[in-house]
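Values in this text are rule-based calculations from the coordinates and carry no lab data. Model, not experiment: these values are computed from the prediction. Here the Cβ is made from the backbone with ideal geometry for all residues, glycine too, and neighbour counts use every protein chain on show.
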Amino acid sequence: MSGAYGRVLVVDDNKVIRQLIRVNLELEGFEVVTAADGVECLDLVHEVCPDVITLDVVMPRLDGLQTAARLRADPRTGHLPVAVISACTPPDADSGAAAGVDAFLAKPFEPSDLVRMVRRLAHREDPAPFDGRHGAGTAGSAAG
């Protein structure tokens, strides 16, 4: 595990959101590597060896749900905790659960909720099954 709490691969096509997530996690002791879409995530994941991956849903080239499904299908990455951070609708969240996503956080989100979710996933604290509706015990602001 890298950094005080671990290494996180943050995947979002919006540079501002990537930086927001990076800063909040780095302030809490995580090492953060970023990618702009699912293709870049899949290219980096074996080199970076993250402890947690966060994915936006709507991205060019390869969206977050397709990326999650590919990560789950690969025996080298199938065990990695994956969280969706997105302004998703409930059907998207259900699709995320089907793709093997471990947690969901709605945008906009509170930084403390982000940190709590990533810390829980990195350390496998209080593992709660993701049901696509309640964010696996992670509260978030309403999607926007």
Q. How much length is gained if the chain between His46 and Arg76 is pulled fully straight, taking 0.36 nm per residue apart and subtracting their Cα-Cα distance, in nm to one decimal?
A. 10.0 nm
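May I ask for the percentage of alpha-carbon pairs in region 4-120 that lie more than 19 Å from each other?
The answer is 37 percent, as a whole percent.
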Q. Please identify the trypsin sites (Lys or Arg not before Pro) of region 1-78 that satisfy two criteria: DSSP loop assignment and at most 14 other Cβ atoms within 10 Å. Which are they?
A. Arg61, Arg76
Q) In a solvent-free Debye calculation with one equal scatterer on each Cα, what is log10 I(q)/I(0) for region 1-43 at q = 0.16 Å⁻¹, listed in the order of the q values? A) -0.38
Q) Can you work out ³J(HN,Hα) from phi for every residue in region 32-40, in order, using Karplus 6.51 cos²θ - 1.76 cosθ + 1.60 and θ = phi - 60°, giving whole Hz and x for Gly and Pro? A) 10, 10, 10, 9, 8, 6, x, 4, 5
